[in-house]
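Reviewing the structure listed below.
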Amino acid sequence: MNTGDLVISTHPEQVAVLHYYLGDRFRYATSLGAQDDPRYLDWTDVTERLLNTPPTPTARALVDKLQPGQAVILVQPILRSYRWNAPWTRLVKRRSIEWERALNADARLRRVESFPRFGLRPPPRGVRAVLYRVRPTSRSTSTPAS
């Protein structure tokens with residue numbers, strides 16, 4: 001990964017942990033959008049804000065700011081290993097699935113790899129990272145001509 005690549009956490013409160021371990025060289029976002037200061041999450045009305053932040057246009061706006069070859073790392077909770085019954089965690093689970101679908105459907109991105117890979121064993125606890133790269137031709141095709 002290179003300076004300026006984008007790290008997106010679909011579990012918004014985890015962005016501070018990612019920033020702590022990965023440092024300042026990356027841009028950070030959550031399923032709420034770009035994070036000016038990834039060291040903390042503003043919990044004010046967060047459930048309502050997340051409900052009102054649709055994944056596809058939010059993801060599109062983030063990818064619009066990237067150059068060909070840059071990386072997007074989508075960091076998601078491993079959904080099969082926890083119970084997701086509380087209102088906040090149910091919403092995080094739903095948004096995590098929607099974000100992966102939105103990035104997979106974005107023709108400007110190429111899905112490269114995901115870690116860990118799931119096999120026949122029970123999934124581990126923790127997070128999963130999906131690596132995307134902005135395609136070389138994406139800048140010329142990402143926005144319609146005026």
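If you check G4 against the conditions, is it more than 14 Å from the chain's Cα centre (by Cα) and surrounded by 12 or more Cβ atoms within 10 Å (Cβ to Cβ)? If you could, list the steps in order and put the result at the bottom.
On the way: more than 14 Å from the chain's Cα centre (by Cα): yes; surrounded by 12 or more Cβ atoms within 10 Å (Cβ to Cβ): yes.
It is true that G4 is more than 14 Å from the chain's Cα centre (by Cα) and surrounded by 12 or more Cβ atoms within 10 Å (Cβ to Cβ).
Which residues, taken from segment 12-37, are more than 17 Å from R133 (Cα to Cα) and surrounded by 21 or more Cβ atoms within 10 Å (Cβ to Cβ)?
Once the filter is applied, which keeps residues that are more than 17 Å from R133 (Cα to Cα) and surrounded by 21 or more Cβ atoms within 10 Å (Cβ to Cβ), segment 12-37 yields P12, V15, L18, T30, S31, Q35.
Determine which single condition T58 fails, assuming it passes every other condition in (1) in contact with a helix residue (DSSP H, G or I) (Cβ under 6 Å, 6 or more places away or on another chain); (2) within 29 Å of P136 (Cβ to Cβ).
It fails just one condition, (1).
All of the numbers you see were taken from the coordinates with simple rules; none came from a lab. Being a predicted model, the structure only gives us computed values, none of them experimental. Cβ: placed from backbone, ideal geometry, glycine included. Neighbour counts: every protein chain shown.
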